[in-house]
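The values are calculated or read from the model by the stated rules, or taken from the named source; none is laboratory data. It should be emphasised that the depicted structure is a prediction, and the values quoted were computed from it without experimental measurement. Note that we place each Cβ from the backbone using ideal geometry, even for glycine, and neighbour counts take in every protein chain shown. Surface areas here come from the heavy atoms of the whole protein model, side chains and all, with no ligands, DNA or RNA. Shrake-Rupley method; radii C 1.70, N 1.55, O 1.52, S 1.80 Å.
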Amino acid sequence: MRFIGNKENLLSAIYSRISAHGVKGQRFFDFFSGTTNVARFFKDEGYQIESNDLLYLSYCLQKAYIENNEEPKFEGLIPNIISNSGNIFATPLDNVVSYLNSIDDFYGFISQNYTPLGTSDLPQPRMYFSEENGLRIDAVRVMIENWRTEQLLSESEYFILLACLIESVSFYANVAGVYAAFHKKWDPRAVKRFALRPIKIHDNGKKNIVHNTDSLNLVSGIVTDILYLDPPYNERQYLPNYHLIETIARYDSPLIKGVTGMRPYSKEKSSFCSVKTALRDLEYVAENADYKYLIMSYNSEGIMSTDSILSVLSKYGSVALEEIEYRRFKSNSKGLSSIKREVKEQLFILSR
Ligand SMILES: C[S@@+](CC[C@H](N)C(=O)[O-])C[C@H]1O[C@@H](n2cnc3c(N)ncnc32)[C@H](O)[C@@H]1O
């Protein structure tokens with residue numbers, strides 16, 4: 001999934017750097033889980049995982065990828081929807097996904113508010129999804145909810161299907177990565193017909209625990225070997241950037257407003273997005289959680305300075321700083337010259 005700060009391409013670098021510092025254990029706590037990529041990686045390494053995020057869309061992914069260990073069988077559902085159990089060579093998840101790709105369109109909240117079909121009366125009709133894909137997304141989302149209401153799905157099957165939907169929609173959204181704005185012309189990705197895709201199940205044979213709250217609420221109860229923090233590194237809150245995925249995940253018909261159809265997000269604001277509170281709250285975590293190692297990913301251009309982070313963390317143990325150069329981009333200054341910039345991904349490694 002396209003997500004700001006997603007560590008997908010840095011996982012092996014992070015793992016080798018922390019391993020070189022002797023960081024290991026059996027329990028891993030992913031404090032700002034986002035896409036769950038980091039938690040998934042450590043789950044595959046055999047760690048028992050606990051994870052959390054403020055966003056419900058992340059919670060759905062955590063339920064499916066982190067808490068759940070089993071391939072869904074859909075025993076309550078398949079006999080009700082598919083005659084002769086579908087394709088016997090496909091998995092039950094593949095069969096259910098293919099069924100969902102064949103159901104009738106539905107004109108629901110997404111079509112009504114985020115496609116030209118339902119917003120043609122606005123000065124700028126919203127073009128997040130094509131009309132056809134809005135109807136497909138609504139159809140799938142409503143069907144998943146109906147199945148849950150009719151008790152045809154177990155809890156993990158419900159979240160696995162929601163995770164499939166969350167992962168799939170970003171392949172068809174008419175946006176440049178985030179949902180704070182939509183393109184005013186159709187991107188080629190947005191005009192392809194929407195198809196739900198199955199997710200991969202991860203099994204570590206352990207009891208993993210997931211949450212959906214402000215991570216600061218969990219600090220006093222944390223007991224872990226590796227506490228991994230990957231906070232936002234600038235003042236932009238996450239929810240406005242992903243409001244539409246959050247609404248698809250919740251499907252709660254929020255009172256939306258503005259050109260983008262933004263949902264309210266007063267409960268999803270993070271203190272780590274404010275210069276005034278980020279360092280204070282980092283110190284609260286470092287001081288009060290029970291861990292052997294605290295690992296923090298950060299960006300060299302983040303709102304907390306490198307020196308201030310080092311000075312806070314070093315109160316609670318020995319700290320090493322690793323830097324991974326991972327992105328160079330050119331920015332044109334008034335079109336006259338181009339400058340190469342290096343952004344460093346930092347890894348603060350605190351050993352207690
Ligand atoms: C940099 S992203 C994490 C990316 C993640 N490591 C990945 O690979 O996808 C930061 C995440 O922290 C979450 N977040 C920010 N403040 C939070 C808080 N106080 N409690 C819980 N989650 C928070 C955001 O919703 C976002 O998903």
| task | Within region 1-14, work out how many residues are open to solvent by less than 70 Å² (accessible area, probe 1.4 Å) and either of a type in the set (A, V, I, L, M) or more than 8 Å from the ligand (Cβ to nearest atom) (or both). | result | 6
| said: Could you check region 35-90 and list, in sequence order, the residues that are under 17 Å from Ser156 (Cβ atoms), away from the ligand (no atom under 16 Å from the Cβ) and of a type outside the set (S, T, N, Q)? | reply: Glu67, Glu70, Glu71, Pro72, Lys73, Phe74, Glu75, Gly76, Leu77, Ile78
| Positions within region 142-186 being more than 17 Å from Leu244 (Cα to Cα) and β-branched (Val, Ile, Thr), in sequence order | Ile144, Thr149, Ile160
| message | Which residue is most open to solvent (accessible area, probe 1.4 Å), if the candidates are limited to region 191-220 and must be closer than 19 Å to Met296 by Cα and more than 9 Å from the ligand (Cβ to nearest atom)? | response | Ser220
| field | Residue selected from region 143-171 under the condition in a loop (DSSP other than H, G, I, E, B) and more than 17 Å from the chain's Cα centre (by Cα), by the criterion surrounded by the most Cβ atoms within 10 Å (Cβ to Cβ) | value | Leu153
| message | Given the criteria in the same structural domain as Leu161 (by TED's automatic domain parsing) and either surrounded by fewer than 17 Cβ atoms within 10 Å (Cβ to Cβ) or on the phi > 0 side of the Ramachandran plot (or both), does Asp252 qualify? | response | yes
| task | Output the helices (runs of 4 or more DSSP H) that fall wholly within region 24-88 and possess 1 or more residues being crowded, with 23+ Cβ neighbours inside 10 Å and more than 12 Å from the chain's Cα centre (by Cα), or say none. | result | 37-44
| said: Going through Met296, Met262, Met304 one at a time, which residue ends up being among the aliphatic types (A, V, I, L, M) and in the same structural domain as Leu244 (by TED's automatic domain parsing)? | reply: Met262
| query | Would you pick out the residues in region 264-276 that are within 14 Å of the ligand (Cβ to nearest atom) and either open to solvent by 30 Å² or more (accessible area, probe 1.4 Å) or in a loop (DSSP other than H, G, I, E, B) (or both)? | reply | Tyr265, Ser266, Lys267, Lys269, Ser270, Ser274
